[in-house]
Amino acid sequence: METGIKLIAKERQEQITKHGFNTEWDSAYKCGELVTAAKYCINLKGSNWPEGWDASFRAKIYAKSYKERLVIAGAFIAAELDRLLLVNTDKQ
């Protein structure tokens, strides 16, 4: 059985290798967009996704199970942590 942390790490690695969403890409986000995306993956109640996140991406997320959305949300949080470590600050 895979653990939550392994599932999140696997998803984050897929974001990087399959989709090209690496730390350099994520460094363009400066206003909490990755955390906002994680929030919407979990609760699905908002339509105010970060600017530039297209409707087809949101539809793919919404089609997933709650467990799968939690994994994706965890990977978004990991991406935000990586971004903060890259800029070496947690003041953002």
Enumerate the pairs (first residue in segment 8-26 and farther than 13 Å from E80 by Cα; second residue anywhere and among the charged types (D, E, K, R) and surrounded by 12 or more Cβ atoms within 10 Å (Cβ to Cβ)) with beta-carbon separation below 7 Å, excluding pairs fewer than 6 apart on the same chain, so at least 6 apart or on different chains. none
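How many of the residues in segment 72-89 are assigned to a helix (DSSP H, G or I) and either at pLDDT below 85 or open to solvent by 40 Å² or more (accessible area, probe 1.4 Å) (or both)? First the steps, then the outcome.
Filtering segment 72-89 for residues assigned to a helix (DSSP H, G or I) gives 72-87.
If we keep only those that are either at pLDDT below 85 or open to solvent by 40 Å² or more (accessible area, probe 1.4 Å) (or both) as well, we get 77, 81-82, 85-87.
Residues meeting the conditions: 6.
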If you take the residues in segment 2-56 that are modelled with pLDDT of 85 or more, more than 14 Å from I72 (Cβ to Cβ) and outside any helix (DSSP H, G or I), which one is least open to solvent (accessible area, probe 1.4 Å)? G20
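The values are calculated or read from the model by the stated rules, or taken from the named source; none is laboratory data. Computed from a predicted structure; not experimentally measured. Heads up, the Cβs are rebuilt from the backbone with ideal geometry, glycines too, and the neighbour counts pull from every protein chain shown. Note: accessible area is taken over every heavy atom of the protein model, side chains too, but ligands, DNA and RNA are not part of it. Shrake-Rupley method; radii C 1.70, N 1.55, O 1.52, S 1.80 Å.
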